[in-house]
Every structure is written in structure tokens, then in C-alpha cells.
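Derivation of every value follows stated rules applied to the coordinates shown; laboratory data play no part. Treat the numbers as computed from the prediction; the structure is a model and nothing was measured. Virtual Cβ from ideal backbone geometry, glycine too; neighbours counted across all protein chains shown.
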Protein chains: 2
Amino acid sequence: MRKPIPIDEAIERVMEWCREGEKEYVSLEQCDGRILAEHVEATMPIPWFDRSPYDGYALVADATERASTHAPVLLEVVGTIGAGSVWDGTLAPNEAVKIMTGAAIPNGANAVVMVELTKEIEKDGKRFVQIKRKVNEGENISRVGEDMKQGEIVVEKGTVIHPGIVAVLATFGYDRVPVMKKPKVAIISTGSELLHVYEPLEKGKIRNSNAYMLQAQIRRVGGEPILFGKVADTFEHTLHVVQKALREADVVITTGGVSVGDFDYMPRVYEHLGAKLLFNKVAMRPGSVTSAAVFENKMLFGLSGNPSACYVGFELFARPFIKAMLGQPKRYLKKVQAVLQKDFLKPNPFTRFVRANVSYDDGMLHVEPVGKDKSNIVSSLAQANAFIVLPGGTRGFQAGNRVDVLLLHDEGDNVWS
Amino acid sequence: MRKPIPIDEAIERVMEWCREGEKEYVSLEQCDGRILAEHVEATMPIPWFDRSPYDGYALVADATERASTHAPVLLEVVGTIGAGSVWDGTLAPNEAVKIMTGAAIPNGANAVVMVELTKEIEKDGKRFVQIKRKVNEGENISRVGEDMKQGEIVVEKGTVIHPGIVAVLATFGYDRVPVMKKPKVAIISTGSELLHVYEPLEKGKIRNSNAYMLQAQIRRVGGEPILFGKVADTFEHTLHVVQKALREADVVITTGGVSVGDFDYMPRVYEHLGAKLLFNKVAMRPGSVTSAAVFENKMLFGLSGNPSACYVGFELFARPFIKAMLGQPKRYLKKVQAVLQKDFLKPNPFTRFVRANVSYDDGMLHVEPVGKDKSNIVSSLAQANAFIVLPGGTRGFQAGNRVDVLLLHDEGDNVWS
């Protein structure tokens, strides 16, 4: 009844439906970690006035024409310009103005000599600066637009805002920053075996860990999770909650209720809604009973109730869909190659994801499975930093083989395969 | 007057004063991205009741002793156990109970046969399951504590809580999670050249970008930034604001006011407070005029007003101090080696940090400086993902040289050098 399809094809079927989300404005103070919804442009040239790159003296270059160690030139220091202030006069050739790094070059001046090359002296109650070499016209002046022209694109849309980008936004006066709205992602838990985290244990039951795990996964990729809690194990209630979630969220994730067990209502829910089923089985372990469906441009993911399968299903299918809504070019987990440290001889017709630890040693990436790789052991999800990807249809792998590895806590990369 | 010290020594002088901060409790829903303040222990064995790892039939193994393809055994199906429910009776040898993945093994049963190996039939209005091979005692039963013993440490303190750890916390009933308190980090901007981001431009002035950049840097390493705004360019006001910040924060960062310009009050502020000066010059560029001082167990960092110098100063000195307060073993930017793609021939007595882009190509890390490397160009901070570290006292570097590189957006590593 359920026909498994290859992972690549499942991802493709999901991504055919992806669309870019909306934008909103947030304050500069709250924009870090969000995703730029527009290019950042230079709203002014940089520098936007001629300025001094050093502490020194602004002067008229011609006045130093004949300066030398033996015959230093003396210029009268007629003022001091701190960064941020402006000297109102116009400099005459026999005058200099002390100038701080970043301050505006005064009218009449056409060069700056660095403070380290000068000596200030007092004579007849006046201040003079002694200059021992010729200063060329234009020396030590940062000109308007020298670093950046007005209108230049500084950062492209789709970029995650890190501290260096915050600095650029501040420089260009973006006190409100256009960012992508966080896609709303509903989480619905099914399965009468689930207890709330604060409930006492009961025989036969387990605490609901997938909902909280998914919440953290959704936040990490830039979405806004909405917990819809646990539905009672009836078709009517499941349908009711899914319909409510579809009204409030862009993406609806259900966990559990997708195996061949007797109490699974999700296939009937899809059918009743009239959602277009994209797939209901993927040739992978864990997570073969993962499904995806589209309803009115919203995506429904039916993930396994098994924690590892749920984790993998989210990262493979929901992650790129959410990232695409955020306009991000890098949508998938980063894939690298590493050297397997242990035999892994189980043959499997399906592609396997093995929780593992990657380490960098002697210029090479090494990877080793984490503890027991049973998909129902939640502790190995805490300890893994990667999944080893073992293609199906092989007879297993030996220590020393190069294998593909998906990095779980990396920023992500641009391609899946 | 200011004696530059090597970077390593400056870091060491700061880290001599580091101390672990306090812990607090947050809800499970809000714990992701925080740092564990205690080990996470298994509060119960996993599984905590004998359970079925598959959909199948629970039975008494002896009853299948003589089962074969030719002489299948028929057991009466006397009930169904969904995940989360319990079957109250005790199984007799001629009986079976249908059981779902994860459900508790009923009393009397000592094995499970997978549903794929069986066939259910109806006879005389009763349900029977047909079994064609011997099932061994204990087969397909996950025993109490098989995966994890009660009291085992699952995740160590100091770990950043990622989604896999959230799943473990939920499983073990941690509805309140012990995390490290975010160190409070005050940001004080000095320099009369600074405009607020929303103010119109004025000649000679620039917008305050460092405060917002630092806010994002502080958040990224796990601190809680407190913006104290811009102080007027007087000694009294600077002192007043620094004293206020010291009362409210664990770390106080000032920017600007540390060059040899005329309007720098920070050295006098340190002196007036009676703060112990750790250094006031470091043999590096940008950021040579970086200072650090200790006052009543709180750390004061005086960073340059120049954006790149400010950025580097934070990452080198404030970052590890904050991470240490958070109890994190990995405190420094990750350092890797990469092949330089362009000559960089400027000699320099000081260690240089060159804003750069690292890329991974053909199994090798390559690194290339970003645009113009003038420390006053803020745009290159937005575009860089790394700093090339060029040790001082050399005559420059050529394309093809292997150089050290600090990764700016990585999770960090355990060592500085």
C-alpha cells in the first residue's frame, strides 16, 4: 500500500511547493540572527566627508615644500578638532590644526601629517608644530566615497544577520531592519502513549519528547514553533486540531500516527481534507514512515513518533522548506566526507542515517557511530553531532571507508546531494 | 607610556580572573541554546518497562515450539495493546495479544513475533494469529534498563542545549532545566563623534555602530547585553556611567576613548576607581589600544572605537571571559590552517588580523582577504567569515603559504593557540 521513494525524490517533491515568505521590520537592536529580506545598500558614501585616518595635524601641503631635518618648518597651531567636531575657519598656509582620527579635514587644508612625525613647541605664548619633511598634497586624507559609493550593495538579501552585518546596518542608519517573517510551524503530537513532561510516569507510557525537540529544531532553522499539544487518539479530534493548525501556521508537523499500527489517523485526515499526498514512505531508516502532503499552499509533514526518525524527517524535509520560505540560499544540512572508524556491516535495502560523532584529526575528518544505534534510544541524539549516510543496497561498510556525513550543528550548506 | 604585550599574555592576564557564574532554572520550552548548569541524569531506566520494539503479537514462546511452514500454530488473539495502554489479563499459552511498537509486554508473555511474519484469520467468530516458526523466549522484548540505567549521566554540564538534548531532557521529565545565568555585559560608548542610528548625519560625525555590533556579539556568545548608551565627552560623566554599569553588570565594555587622542578619559577612570590595570596595549593590529582592568571581581574592557579593532578586541578577550562564566569548555574562536590565496607583503612588528573569507575547496581550506583591509571600513566586517592571523615580525606572506585562520561564525574550540 505504501511505496517507498528515494530520499532525493522525496525532497524534490517537497521543494517543488516551496515559496518565499513575507517580510517585516524589526528594530536594529533585535535583528541579529534574523534573515535580511532586502539587500543592504550604502545610504551614503563612506567616508561621507573628507577625514583624517590618523591623529595628526591638518595643513596646507605647499607650506612644507622646503621642510627638512635641518630646516624644520614651524606652523602655528590655531585649533584642535576632536572626532565629531568641525573647525569653522579656513586654514592659512602658515597654520595647522591638530586633528584626531576620524575628524573632518578643515577648509583650506589639503594634507595631514601624523602626530608621530611632529613635535609641538610653544613660542611667545603661541603653539607651533615642527615639521621635518615635505608633506604631499592629499597625504593622509580619506576622501568621500573612497571606501564605498552611495547605492553600493553591501550585504545581499537572504543572509543571516551576524554582528558584522549589524555594524553595517547601524552605519547606514537602518534603525528598522527588513527581515523575513519567521514561518509559523505547528507541532501536533499524536499517540495515546504520550505523557506531558510534568506528569508522573505510567506503565506503558512515555513522556512526549518530540514536541520539545521539534520546537528547538524549528527555532534553530529560523521558524516560529507553535505547540498544539497532544491530540486524543480519535479521528475526529485529530482532524479538528490539524484544521485549526492549518489556519494558524504555514507548516503543520504531526508526529506519531504514521506507522502501520492500528491507531493511525493521519492518512484519513489527509484524505478528508483533500490534501495532495506527496509521499507516505521514504527509502530510509530511521524514518521510512514519513509523509508529506500539501493543502492550500501549506505543507503538512507527518513524522514518525520515534525520536530519531522524527529528528531526521524534520532535518531532511521540513528544514529546507522553512529555509526556502526564509529566502535562504543555504537550505540543507552540510554534507562532508569522513573516514569511518568502525565496521558497520549491517546490510540494508534503504539508506541509513547513523547517529555519529565527527572529529577533525590530523587534517582529516573522522566519524564514529555513537553508542547503540537503535532508533528508540533518545540519548544518542544528545551525543551525536552528525549522521553518517550509508546508501542502501550495499553489504555494509568497513573501517577506513570514506562515507558521507551530515553535520547537525553547522550553519548549513547549499546542496543536498 | 603604553607598553604593548603579546596577545597570548594579554589573554592569560584576563583569564586569570575568570570565574564560573551562577545558575538559574528555565522552562523546558525556553532552554534551547542555553548552557547546562548541571549534568543531565537518567531519572529512570530506559526503557522503564519491558516493551515491544515492533508491531506484532505478544505470546508465550513455548506455544510455538513446533511451529513450521507446514504445521503453523494458531493462537487466539484475546486483545490488542496500543502504545500507551496496558493489557490487564495474564496470557495463557494458547493465546496472543496484538501489540503495537512501544507498548508494554502483557503479563504472562515472554516473546513477540513481528506482524510481518504472521497472518490473522477468523474462525468460529474468533480471531487467531497463524505463526509458522518457533519464537524464542525473550525475542523482540526490550528489557527495562537495556538502553540506559537509572542515574547514568547522559549529558555533561557546560554543554549548549541543542534539539537532541531537549529530547533527552523531556524524556527524563526535566520540565525546569538548570542553565547558567547569562552574564550581564554593559556596553558604554564614548566619543563625541557618535550619532544615534536614527539621527540625521552631521559633518564630522558618524553613527554609533559598535554598540549594536557588540550587542550581537555578546548575545552570540551567550551573554545578556545592557546598552548604557553614549556618554558625554567629560571625565565626570564617563566615570558616573562606568560606576553605574559596574553595579549592574558582570563585565563592562567601553568603546572609544582609548587612543592617544586628546579626549580619552578611560585611563583616568580606571585610576580613579582603583581598578587593577591588566594591560593597556596589545601587540596586534587592529586593536593595539585595547585595555583590560579588574575592579571588585568584575572585568572592564576598553575597546577601540574603530569597528574592526572593537570586533577583534571583543572576540579575543571578552568572549573567553564570558564563556568561562558560562562554564563552557570551548571558549575561543576556532583556529584552523588554510592556504593563503594572495600575497600579503606588508611587514608589521605586530600580529595582524586580516578580515578574510575561508572556503573549502578540493579537500583544502583556502583563505583570501576581503576587499580593502583598512580597519575603518565597516563593510568588510559584514563580508568576512574569518580573520587571517599573521604573526608580527615577519616580512609578509605569499600566496600558497599556510596561515592560521580564526573562524568567526563557528561554534568555537577549546584552545586559543
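See the values below:
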| item | result |
| --- | --- |
| Cut-off under 5 Å, modelled amide H: who pairs with B:G327 long-range | B:G21 |
| Under the Karplus curve 6.51 cos²θ - 1.76 cosθ + 1.60, θ = phi - 60°, whole-Hz ³J(HN,Hα) for the range A:17-26, x wherever Gly or Pro sits | 9, 6, 8, 7, x, 9, 10, 8, 10, 10 |
| At most 16 other Cβ within 10 Å, DSSP loop - chymotrypsin sites (Phe, Trp or Tyr not before Pro), the range B:193-280 | B:Y198 |
| Whole-percent pair-distance distribution, where bins are 5 Å wide, for the alpha carbons of the range B:56-131 | 3, 17, 30, 27, 16, 5, 1, 0 |
| Inter-site label distance for A:D175 and A:H39 at 7 Å from Cα along Cβ, in nm | 2.6 |
| For the range A:334-407, the Rg and Dmax computed from alpha carbons only, in angstrom | 11.5, 34 |
| Cα-projected label distance for A:N136 with B:H196, points at 7 Å along beta-carbon direction, nm | 4.4 |
| DSSP-loop trypsin sites (Lys or Arg not before Pro) across the range B:183-265, with at most 14 other Cβ within 10 angstrom | B:K203 |
| Among beta bridges that DSSP assigns inside the range A:56-131, antiparallel share in %, nearest 5 | 75 |
| Hz values of 3J(HN,Hα) by residue in the range A:111-121 - Karplus curve (6.51, -1.76, 1.60), Gly and Pro given as x | 6, 10, 9, 5, 4, 5, 9, 10, 9, 9, 10 |
| Distant-in-sequence amide H partners of A:A283 (H built 1.01 Å from N, under 5 Å) | A:I5, A:I7 |
| Cα gyration tensor shape for chain A, rounded if a/c is under 1.5, else prolate or oblate | prolate |
| Approximate shape of the protein assembly as shown as ellipsoid semi-axes (Cα gyration tensor, √5λ), whole Å, largest first | 65, 25, 24 |
| Restricting the range B:193-272 to GluC sites (Glu not before Pro) in coil, as DSSP defines it, with at most 16 other Cβ within 10 Å | B:E202 |
| Per-copy distances of the A:E199 label point, shortest first, in nm (7 angstrom along Cα→Cβ) | 5.9 |
| Using alpha-carbon coordinates, inclination of helix B:235-248 to the longest axis of chain B, degrees | 20 |
| DSSP-defined antiparallel bridges as percent of all bridges, chain A, nearest 5 | 70 |
| Two-site label geometry, A:L117 and B:R143: point separation in nm, points 7 Å out along Cα→Cβ | 8.4 |
| Label zone at B:H240 (point 7 Å along Cα-to-Cβ), backbone N below 17 Å, the range B:171-196 | B:188-192 |
| Label geometry 7 Å along the beta-carbon vector: A:E152 inter-copy distances in nm | 5.7 |
| Exercise: per-residue mean of other protein chain Cβ atoms within 10 Å, B:170-178 | 6 |
| Nearest-ten-degree value, helix B:210-220 long axis tilted from longest Cα axis of chain B | 30 |
| DSSP beta bridges in the range B:334-407 [antiparallel fraction, %, rounded to 5] | 90 |
| Anisotropy class of the range A:210-300 from Cα gyration tensor, a/c 1.5 cut | rounded |
| Whole-Å distance, taken between Cα centres, linking the range B:175-246 and the range B:1-54 | 26 |
